[in-house]
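Presented below is the structure to which this report refers.
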Amino acid sequence: MSRGSDAGQGPAVRLGGLTKRYGRNRGVESLTLEVARGEVLGFLGPNGAGKSTTIRLVMGLSRPNAGSVQVLGGSPREVAVRRRIGYLPGELRLFPALSGRDLLDRLAHIHGGVSAVDIDSLAARLGAELDRPLRALSKGNRQKIGLVLAFMHRPELLVLDEPTSGLDPLLQDEFARLIRERVADGATVFLSSHDLDEVERVVDRVAIIREGRLVAVDTVSGLRERAPRVVQLHLDHVPAQAVLAAIPGVRVIDRRGDGVSLEVNGSMAPLLRAIGDMGATDLVARPAGLDEIFRAFYRGTDVDEGPLAS
Ligand SMILES: Nc1ncnc2c1ncn2[C@@H]1O[C@H](COP(=O)(O)OP(=O)(O)OP(=O)(O)O)[C@@H](O)[C@H]1O
């Protein structure tokens with residue numbers, strides 16, 4: 001599938017020490033990350049974390065203050081490389097007076113090698129409204145045109161800024177199927193999202209960014225494995241919060257009446273020893289959900305000392 005000087009070797013995206021500052025504002029800081037060929041990498045973080053900044057750097061739409069960007073073995077500023085990428089921007093602002101069909105036809109013509117059947121089939125699968133002017137479409141409906149645009153030339157690399165944010169649940173399912181089909185054909189996907197629940201089914205790995213810095217890169221199952229346990233206790237003698245918080249690996253989530261909720265990282269042994277003297281009458285322990293893991297990263301408390309950003 002690969003063309004030109006790039007023999008399909010090496011990662012699809014390689015970011016090395018990438019830094020972008022906007023005046024005194026931090027965009028991203030020393031970002032080092034690779035996306036392997038055929039991989040689906042989810043780039044996650046809260047508002048303002050630096051996701052769109054990174055995506056614009058990957059696309060060569062903005063220049064870094066330091067560091068390097070390599071895409072499909074070359075620079076994203078080379079036309080030959082750009083043609084092999086499908087890009088969904090955060091907001092589609094192209095030619096608001098054109099209908100979706102006119103825009104797609106014109107860009108397909110410029111691109112070359114795009115089949116009308118592919119455009120129609122993508123538009124039908126995503127329920128894109130092709131005949132109304134883009135400015136009259138809702139954000140979600142503009143997003144569908146943007147997705148057709150990103151996928152229509154069957155690119156080797158898809159770079160998608162929040163592709164699922166405007167889509168209803170049925171379309172999110174269709175999007176997941178589309179991604180799986182393209183990956184089965186050898187494509188690589190780099191997509192951003194606020195929400196792991198929306199992209200969990202399609203991503204192989206996630207990179208989590210907070211305040212411009214990578215805080216974790218792992219598989220979804222790896223994240224689950226190093227999740228803390230959430231423990232609910234009922235005690236005859238509830239000790240002071242500081243006593244509970246002093247138990248190794250324990251963070252107090254809630255404490256009311258005779259009930260205590262705790263988050264436990266690592267071994268449960270110190271907690272089990274400590275509650276011997278507290279008159280425990282009931283204990284329920286469960287692994288933290290992905291949502292709780294993410295909140296921990298977003299808050300800035302590391303889930304554990306596991307493999308951090310590499
Ligand atoms: N053109 C710009 N000029 C000045 N500051 C900018 C510019 N673009 C981004 N920033 C700043 O860089 C930081 C990262 O912004 P970015 O848009 O990359 O975040 P994001 O993770 O995509 O957020 P969201 O989820 O809200 O879209 C923010 O502090 C933002 O204010």
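The values are calculated or read from the model by the stated rules, or taken from the named source; none is laboratory data. None of these values were measured; they are calculated from a predicted model. When we count neighbours, we look across all protein chains shown, and the Cβ atoms used for this are built from the backbone with ideal geometry, even at glycine.
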The number of residues in region 277-295 that are more than 16 Å from residue 207 (Cβ to Cβ) and either of a type in the set (Asp, Glu) or modelled with pLDDT under 85 (or both) is 8
Pairs returned, first residue in region 111-126 that is surrounded by 15 or more Cβ atoms within 10 Å (Cβ to Cβ), second residue that is of a type in the set (Phe, Trp, Tyr), beta-carbon separation under 6 angstrom, 6 or more apart or interchain, are 122/151
Counting only residues in region 36-77 that are among the hydroxyl-bearing types (Ser, Thr, Tyr) and within 13 Å of the ligand (Cβ to nearest atom), the one farthest from residue 292 (Cα to Cα) is identified as 62
Report yes if some residue within region 262-277 is free of Cβ contacts under 8 Å to residues at least 60 places away in the same chain, in contact with a His (Cβ under 9 Å, 6 or more places away or on another chain) and either among the β-branched types (Val, Ile, Thr) or over 30 Å from residue 13 (Cα atoms) (or both); otherwise report no. yes
**Prompt:** Looking at residue 183, is it in the same structural domain as residue 22 (by TED's automatic domain parsing), of a type outside the set (Lys, Arg), surrounded by fewer than 19 Cβ atoms within 10 Å (Cβ to Cβ) and modelled with pLDDT of 95 or more?
**Reply:** yes
Residue hits (region 194-219; outside any strand (DSSP E or B), touching a helix residue (DSSP H, G or I) at 6+ places or on another chain (Cβ under 7 Å) and either among the hydroxyl-bearing types (Ser, Thr, Tyr) or buried (at least 16 other Cβ atoms within 10 Å of the Cβ) (or both)) are 196, 198, 202, 203
